[in-house]
Amino acid sequence: MKKAVAFVFSTMIAFGASDAFADSHKAPLTDLAKTKISAWLKNPAVVSAVKAQNAKNASRSQDQVIKLDKQWRAETKAGSGPLIDSVLANPLSKYL
(Lines give C-alpha, C1' and ligand atoms only; values in the text may rest on other atoms or scores of the structure.)
Protein backbone atom coordinates (compact mmCIF):
# COMPACT_ATOMS: atom_id res chain seq x y z
CA MET A 1 0.00 0.00 0.00
CA LYS A 2 2.89 2.34 0.70
CA LYS A 3 3.96 1.72 -2.91
CA ALA A 4 0.53 2.85 -4.11
CA VAL A 5 0.72 6.07 -2.10
CA ALA A 6 4.28 6.66 -3.31
CA PHE A 7 3.13 6.10 -6.90
CA VAL A 8 0.33 8.64 -6.59
CA PHE A 9 2.62 11.29 -5.16
CA SER A 10 5.49 10.60 -7.57
CA THR A 11 3.02 10.92 -10.44
CA MET A 12 1.88 14.27 -9.10
CA ILE A 13 5.47 15.44 -8.86
CA ALA A 14 6.26 14.17 -12.35
CA PHE A 15 3.37 16.17 -13.74
CA GLY A 16 4.41 19.33 -11.93
CA ALA A 17 1.98 19.46 -9.04
CA SER A 18 2.92 22.20 -6.61
CA ASP A 19 3.62 21.51 -2.95
CA ALA A 20 0.42 23.31 -1.99
CA PHE A 21 -1.57 21.20 -4.43
CA ALA A 22 0.06 18.02 -3.17
CA ASP A 23 -0.58 18.96 0.46
CA SER A 24 -4.24 19.76 -0.14
CA HIS A 25 -4.77 16.43 -1.87
CA LYS A 26 -2.67 14.25 0.41
CA ALA A 27 -5.51 12.98 2.62
CA PRO A 28 -7.95 12.10 -0.19
CA LEU A 29 -5.21 10.42 -2.23
CA THR A 30 -3.97 8.48 0.77
CA ASP A 31 -7.54 7.32 1.39
CA LEU A 32 -7.88 6.29 -2.25
CA ALA A 33 -4.63 4.33 -2.06
CA LYS A 34 -5.70 2.60 1.15
CA THR A 35 -9.10 1.61 -0.19
CA LYS A 36 -9.49 1.10 -3.92
CA ILE A 37 -5.88 0.96 -5.09
CA SER A 38 -4.74 -1.47 -2.40
CA ALA A 39 -7.69 -3.73 -3.30
CA TRP A 40 -6.71 -3.63 -6.97
CA LEU A 41 -3.14 -4.59 -6.10
CA LYS A 42 -4.41 -7.69 -4.28
CA ASN A 43 -6.59 -8.82 -7.18
CA PRO A 44 -4.89 -11.72 -9.04
CA ALA A 45 -6.44 -10.62 -12.35
CA VAL A 46 -4.91 -7.14 -11.98
CA VAL A 47 -1.51 -8.52 -10.99
CA SER A 48 -1.57 -10.95 -13.90
CA ALA A 49 -2.56 -8.26 -16.41
CA VAL A 50 0.17 -5.90 -15.17
CA LYS A 51 2.80 -8.65 -15.38
CA ALA A 52 1.68 -9.55 -18.89
CA GLN A 53 1.82 -5.92 -20.01
CA ASN A 54 5.26 -5.50 -18.45
CA ALA A 55 6.52 -8.59 -20.28
CA LYS A 56 5.00 -7.37 -23.56
CA ASN A 57 6.75 -4.00 -23.26
CA ALA A 58 10.03 -5.07 -21.64
CA SER A 59 12.03 -4.61 -24.82
CA ARG A 60 10.81 -1.10 -25.63
CA SER A 61 13.58 1.43 -25.97
CA GLN A 62 13.49 4.84 -24.32
CA ASP A 63 12.88 6.38 -27.75
CA GLN A 64 9.88 4.11 -28.30
CA VAL A 65 8.46 5.05 -24.90
CA ILE A 66 8.90 8.75 -25.67
CA LYS A 67 7.19 8.28 -29.04
CA LEU A 68 4.22 6.55 -27.37
CA ASP A 69 4.06 9.27 -24.73
CA LYS A 70 3.93 11.97 -27.42
CA GLN A 71 1.23 10.02 -29.26
CA TRP A 72 -0.78 9.66 -26.04
CA ARG A 73 -0.55 13.37 -25.30
CA ALA A 74 -1.58 14.29 -28.85
CA GLU A 75 -4.55 11.92 -28.70
CA THR A 76 -5.53 13.34 -25.31
CA LYS A 77 -5.64 16.84 -26.78
CA ALA A 78 -7.62 15.55 -29.74
CA GLY A 79 -10.10 13.79 -27.47
CA SER A 80 -9.34 10.27 -28.70
CA GLY A 81 -7.16 8.18 -30.95
CA PRO A 82 -6.08 4.61 -31.69
CA LEU A 83 -3.61 4.33 -28.79
CA ILE A 84 -6.05 5.62 -26.18
CA ASP A 85 -8.89 3.58 -27.66
CA SER A 86 -6.81 0.39 -27.54
CA VAL A 87 -5.86 0.94 -23.90
CA LEU A 88 -9.41 1.76 -22.85
CA ALA A 89 -10.73 -1.31 -24.68
CA ASN A 90 -8.53 -3.81 -22.83
CA PRO A 91 -10.13 -5.93 -20.10
CA LEU A 92 -8.11 -4.41 -17.24
CA SER A 93 -9.12 -0.87 -18.21
CA LYS A 94 -12.74 -1.93 -18.30
CA TYR A 95 -12.41 -3.49 -14.85
CA LEU A 96 -10.69 -0.47 -13.33
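The values are calculated or read from the model by the stated rules, or taken from the named source; none is laboratory data. In this text the structure is predicted, and so the values were computed from the model without any measurement. Here Cβ is always computed from backbone atoms with ideal geometry, including for glycine, and neighbour counts include all displayed protein chains.
Observations on the structure shown:
- Looking across region 31-55, the residues that are β-branched (Val, Ile, Thr) and surrounded by 12 or more Cβ atoms within 10 Å (Cβ to Cβ) come down to 37, 46, 47, 50.
- Verdict on residue 73 being charged (D, E, K, R), outside the structural domain of residue 38 (by TED's automatic domain parsing) and in a helix (DSSP H, G or I): yes
- Residues of region 76-94 satisfying the condition of being outside any helix (DSSP H, G or I) and either in contact with a Lys or Arg (Cβ under 7 Å, 6 or more places away or on another chain) or surrounded by 10 or more Cβ atoms within 10 Å (Cβ to Cβ) (or both): 80, 81, 90
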